[in-house]
Amino acid sequence: MKLSILVPVYNEENTVENLIRSLLQIKGKGVIEDIEIIAVNDCSTDKTPEILDKLENEGLITLLNHEKNMGKGAAVRTAINGATGDYTVFQDADLEYDPQDIVKMSEIAEEKGLDVLYGSRFFANRTSPLGKFHYLVNKFLTNLSNLFTGLKLTDMETCYKMFRTDIIKKITINENRFGIEPELTAKMARLVKESNLKIEEIPISYSPRKHHEGKKIGIKDGIRAVYIIFKYGFLR
């Protein structure tokens, strides 16, 4: 399997190089014969651009740049155009997610012939490393999304979403920020119904950072997610 890993990056000077080098280590593991890492610098203002330039010059990544900050959704949209792998997976640049889980996801996707695979932080868990409030917010958003999509996900907001590349290229992403998660899920669910796609969800590990450590998602993003769930839930 060739795997395309899409990495939106905004002001992650403390983590992005370690993340990229961790991703490089999964090449050759399990069913992953080859990888391409497509990083999108979303107009970072710290040392991130210099770090990404160095990694590109070493031939480790394909680097795309935004001239102004547009958000995670816009960065993913930019990266998808360049994906050439059999499967495509999203990866945040903050080390909250363990790239070794991508190996497990790839093996299951190939073994079962899946079209879509979600890595859930809450699969069979009733807690979150960020606490009860975080767990309840995610549970509410995921259940609301499930109400419209007919899916039975436990973590709609997860970063680790893996798609067959030809499938993700069929989805038009409009949301520029973190609203990409409910939007993608809603549009993917329609494809599942229309084309009888195979989708599953498996547990993954998760080590969240706090807001003072650079976490960028806030209450406004949660409120926006509710709006987006209704917006794309009612669009048919």
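Descending by average beta-carbon neighbour count within 10 Å, the peptides 82-94, 4-16 line up as 4-16, 82-94, the highest first.
Taken along the Cα-to-beta-carbon direction at a fixed 7 Å, the label points for Glu110 and Thr62 span 2.0 nm. Scoring 109-122, 151-164 by mean Cβ neighbours within 10 Å over their residues and listing the highest first yields 151-164, 109-122.
A crude spin-label estimate for the pair Ser207 and Asn14, with each label 7 Å from Cα along the Cβ direction, gives 1.4 nm.
Hydrodynamic radius of the chain by the Kirkwood approach over all distinct alpha-carbon pairs: 17.9 Å. Computed from label points 7 Å out along Cα-Cβ, the spacing between Asp34 and Asn81 is 2.3 nm. Extension gain, Lys198 to Leu147, is 16.5 nm, computed as 0.36 nm per intervening residue step minus the present C-alpha separation.
Would you give the gap between the C-alpha center of region 169-207 and the C-alpha center of region 82-107, rounded to a whole Å? Going from one Cα centre to the other spans 15 Å. Database remark: amide H of Tyr87 closer than 5 angstrom to the amide H of Lys2, Ser4, Thr165 (H placed geometrically; neighbours at sequence offset of 5 or more, or on other chains; Pro and chain starts carry no H). About its Cα centre, the dipole of the chain is roughly 1120 debye, where the only charges are +1 on Lys and Arg Cβ and -1 on Asp and Glu Cβ.
Which FRET efficiency value, to the nearest 0.05, is calculated for Leu95 and Cys43 with the Förster distance at 25 angstrom and r the Cβ-Cβ distance? After rounding to 0.05, the efficiency reads 0.75.
Calculated on C-alpha atoms, the gyration radius of region 1-50 divided by its Kirkwood radius gives an Rg/Rh of 1.05. Under 5 Å between amide hydrogens, built in the peptide plane, is the criterion, and for Glu12 it picks out Thr48 among residues at least 5 positions away or on other chains.
Across q = 0.22 Å⁻¹, region 83-183 modelled as identical point scatterers on its alpha-carbon atoms has Debye log10 I(q)/I(0) values of -1.43, in the order of the q list.
Residues Glu96, Glu183, Glu50, ranked from the fewest to the most other C-beta atoms within 10 Å, line up as Glu50, Glu96, Glu183.
Using the Karplus relation 6.51 cos²θ - 1.76 cosθ + 1.60 with θ = phi - 60°, the per-residue 3J(HN,Hα) values for region 174-182 come to 9, 6, 8, 9, 6, x, 4, 5, x Hz, with x marking Gly and Pro. Distant-in-sequence amide contacts of Glu201, defined by a placed amide H-H separation under 5 Å and a gap of 5 or more residues or a different chain, comprise Tyr118. Does region 23-143 classify as rounded, prolate or oblate by the C-alpha gyration tensor (a ≥ b ≥ c root eigenvalues; a/c under 1.5 gives rounded; else a/b over b/c gives prolate, otherwise oblate)? It is oblate, given that a/c is not under 1.5 and a/b is not larger than b/c.
A short reminder: the numbers here are calculations on the coordinates, not readings from a lab. Not measured: the values here are computed from a predicted model. Every residue, glycine as well, gets a Cβ built from its backbone with ideal geometry; the counts of neighbours run over all protein chains shown.
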